[in-house]
Every structure is written in C-alpha cells, then in structure tokens.
1. Testing Tyr115 on (1) aromatic (Phe, Trp, Tyr); (2) more than 22 Å from Tyr160 (Cα to Cα); (3) assigned to a loop (DSSP other than H, G, I, E, B), one condition comes back false. Which one is that?
2. Sort out for me the helices (runs of 4 or more DSSP H) sitting completely within region 156-219 that have 1 or more residues that are over 31 Å from the mean Cα position of the chain (by Cα).
3. Output the number of residues of region 86-118 satisfying the condition of being out of contact with any strand residue (DSSP E or B) (no Cβ under 8 Å at 6 or more places or on another chain), free of Cβ contacts under 8 Å to residues at least 24 places away in the same chain and loosely packed, with under 14 Cβ neighbours inside 10 Å.
Amino acid sequence: MAASPSGKPSLVAKWPLILVLFILATFFVYVGHQKTAPTSVPEPAATPQTGPATPVSTSSPLSPTAGQTADADHPGVFYPSQGHDHWDLTRLQGFRYNSNPPTSGPHMEQFIDSYFPPSALPAYIQVHLLEHGNVLIQYNCACPETVSSLKKIAGSFDTYDPSLGLEEGKGVIVAPNPGLPNKIVLSAWTRLLPMDAVDETAIKKFITVWLGNNQNTHQ
C-alpha cells in the first residue's frame, strides 16, 4: 500500500475501503426503510347494495293448540285429537274428553238410525259419528223455530238414507244437548263451532269443509 510522506496511508490507498463502507451503509439504509414502510393491502371490491337484508326464519310453523282457530279455510276451534280407541262402557265412564261436546277420543262403535234423534246423544256415540266424518249440530234451548232452521240446513246435506249416510260420513245430525255451554254447537272431528243464534252461512261453511273429511278424521 502507498504511504504519504508522513508515513500514513494516503487517501487514494483508503479509497477501496471507503467504497465498501459506502455500499454497506447504503444497503443497511435500504433494508431498514423496507422494514418500516407500511404494507399496502388492496381493499376488497365493494358489494352492490340491493336493499336491506331479509332475516331468515328458522322456526317451525306453529301447530294449532286447544282453543285456537286455524284460519278462515278451516272453520271452528281446534282441539287436539284424543285418539280413535274403541272402549267398553265401563271404561268410558271414567274418561274425560277435552271439549264439550267431544270432538275425538275413545268411544263405542254404535250408530243411530236417524239424522234427527229426539233425545241427547251420549258422548261416546257422538265421537263415533264424528270419527266416520259426520257433522253434529246440537242445541241447548227450547226453541222450535231454531231447531226447524237447523234441520232445514242439515236436510240439504242429508241426501242418503241414515244407515248409509252415517256409515259413509255423509250425514249432518241435529240433536238436543242440555249440557252445552252455548245455545248451538257444531262439531266435527277435532273441531267445534259454538254460536248463540243460527248463522246459516257459517253453519254451511263448517259442514262443507268438514263433512266426510277423511284426512281430518285420521288424526
């Protein structure tokens, strides 16, 4: 290495060392800048808004419960089925139906021979008639005009002999019942329609929907 007159290395002799140090310094500055510089992350593309989100319901439709009217197409108050069992009279005497008059439950296999019986029907016979798809109209009054109107309505549906019509579930029965909570009560399998005056439109609607309704009586 060349020396200056003073005996120390000259600046020219130090030049390679200075160049190396400069290169190293530049490298470290560059690396430090890269570590501290913020990283740019592209933003996700915006999703077009088409309106407020509609919540998704995960609950099941409500099933009818006792005392609940389903809808206009299913007239009458719904009572859960108590089954179709056939019991003897001794066993039936201790059973409580879930509606008055009854709309389902254990009963005896016994028919009547008229659409217009003169006396009240036992509950276990009422249920048997309903099980076959018939409709009962029962009244709790000394009201000959009302009874006459009810029989007239029922008669428009009773086009078969009772022995056939009641077996096939095509009969509308009108009968007295002093134990009713209302003046008039229509009943079908699992359905009741109480009223305190003759409503011909409502009565015919109830009969039309439930008379001979096999799907209903299989519940």
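1. Among (1) aromatic (Phe, Trp, Tyr); (2) more than 22 Å from Tyr160 (Cα to Cα); (3) assigned to a loop (DSSP other than H, G, I, E, B), the lone unmet condition for Tyr115 is (2).
2. 162-165
3. Qualifying residue count for the region: 7.
Quick note: the coordinates plus some simple rules give every number you see, no bench work behind them. No experiment lies behind these values; they were computed from the predicted model shown. Here Cβ is always computed from backbone atoms with ideal geometry, including for glycine, and neighbour counts include all displayed protein chains.
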